[in-house]
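The values are calculated or read from the model by the stated rules, or taken from the named source; none is laboratory data. Just so you know, these numbers come straight off a predicted model, no measurement behind them. Don't worry about glycine lacking a Cβ; one is built from the backbone with ideal geometry, like all the others, and counts go over all protein chains shown.
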Amino acid sequence: MTKTRFTLLAAGLTLAAAGMAHAHASFEVDNTPTEETFKTVLQVPHGCDGKPTTEVQVKLPEGFVFAKPQPKPGWELEIIKGDYQKTYDNHGTKVSSGPVEIRWKGGILPDEFYDTFVIRGKVSGFDKETVLAFPTTQLCGSEAKVVWDQVPAAGEDARALEYPAPTITVTLASEEQAQGGHGAHPAGSGPVGVGDLEISGGSVKAMLPGAKVGGGGFVIKNTGSIDDRLIAVESPAAGRVELHEMAMENDVMKMRNLGDGIAIPAGETVDLKSGGLHLMFMELQKPFAEGDTVPVTLTFEKAGKVDYVLPVGAAGGEAADHKHK
């Protein structure tokens, strides 16, 4: 194995207030279709018997490949590389080795707070539904640690384990989805929730060959009593994703980039769709094709981050057609 090491010099560590539904280390989103890029968001809810966490180690299972961890200010990042058991295709290149363990070291996460540790990779090589375990170790200085590595036996409930490993369930597309059939509902495109927000009704417009930008949207319902704001959207399918608005100005339809995000008032529903508020996908790897899916990560000012999957529908509509300079 080889090790790659670098240190972030930025000071400080952003901590979120505690509010976990359970005390186990777990993933924020725990399922994904195979052959998709997936972002594991590991939630670390506490330290070791009151001691602060100073290191987080995550072992990557076979089939989670081409991994890239997200650096954290104040933590040193160590990437341990090794051989895969199989060979995987990375945009036409055969790859048989890569990151097999990620370690964040030298930071301080007090017991009274929780934080997240993020790794993006591709889930590949599965021909049946499979549960992937990511054994995780929390070190609290040199005197204490918590090891989350227990995997349930067949038929056993993971909730009965004292130290269950974080897992994701890899699902398979139906035959209709695999063939890009009409009426298919891509896995992961159902409603998802984060905080008081519910995201549903997502879609992206298919693109013509040679098109440079793609458009899409979804519906956000704020069931809480506090205003929120969608401040950023990311996708592995695009170099960047912008929040746009189209509106009539002096009898002319104009488009503008909403750099300060989109407000989600308390108790209201905001619809991102063609001709109004919408997403624009820039610097695409390839045009979106009908029947595909586009994974996105949404960042809200108060609710935080959540992953969502947008199905690609038929071409057409203003969001897909209007031009950007």
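Of all strands (runs of 3 or more DSSP E) completely enclosed by the stretch 263-319, which ones contain at least 1 residues that are touching a strand residue (DSSP E or B) at 6+ places or on another chain (Cβ under 7 Å), in contact (Cβ under 8 Å) with a residue 12 or more places away in the chain and more than 17 Å from residue 242 (Cα to Cα)? If you could, list the steps in order and put the result at the bottom.
On the way: elements: 269-271, 277-284, 293-300, 304-313.
Of the strands (runs of 3 or more DSSP E) lying wholly inside the stretch 263-319, those with at least 1 residues that are touching a strand residue (DSSP E or B) at 6+ places or on another chain (Cβ under 7 Å), in contact (Cβ under 8 Å) with a residue 12 or more places away in the chain and more than 17 Å from residue 242 (Cα to Cα) span 269-271, 293-300, 304-313.
Suppose we filter the stretch 51-78 for residues that are within 20 Å of the chain's Cα centre (by Cα) and on the phi < 0 side of the Ramachandran plot; how many remain? Residues in the stretch 51-78 being within 20 Å of the chain's Cα centre (by Cα) and on the phi < 0 side of the Ramachandran plot: 17 in total. Each residue in the stretch 66-95 was checked for being assigned to a strand (DSSP E or B), in contact with a strand residue (DSSP E or B) (Cβ under 9 Å, 6 or more places away or on another chain) and more than 17 Å from residue 123 (Cβ to Cβ), and 9 of them qualify.
I'd like to check something: does the stretch 107-120 contain any residue that is under 17 Å from the mean Cα position of the chain (by Cα) and free of Cβ contacts under 8 Å to residues at least 60 places away in the same chain? So far as the stretch 107-120 goes, no, none of its residues is under 17 Å from the mean Cα position of the chain (by Cα) and free of Cβ contacts under 8 Å to residues at least 60 places away in the same chain. Applying the criterion of being on the phi > 0 side of the Ramachandran plot and not charged (D, E, K, R) to the residues of the stretch 254-304, the residue that is modelled with the lowest pLDDT is 275.
Considering only the stretch 206-220, state which residues are under 21 Å from the mean Cα position of the chain (by Cα) and under 19 Å from residue 256 (Cα atoms). Answer for the stretch 206-220, where residues must be under 21 Å from the mean Cα position of the chain (by Cα) and under 19 Å from residue 256 (Cα atoms): 214, 215, 216, 217, 218. Look at the stretch 28-47: where a residue is touching a residue at least 24 places away in the same chain (Cβ under 8 Å) and a partner is basic (Lys, Arg), sitting 6+ places away or on another chain with Cβ atoms under 6 Å, you get 37/122; 39/120. In the stretch 26-69, what residues are closer than 21 Å to residue 140 by Cα and among the polar types (S, T, N, Q)? Passing the criteria: 26, 43, 53, 54, 57. Here 137, 87, 93 are screened, and the one residue that is surrounded by fewer than 18 Cβ atoms within 10 Å (Cβ to Cβ) and either more than 24 Å from residue 237 (Cα to Cα) or among the hydrophobic types (A, V, I, L, M, F, W, C) (or both) is 137.
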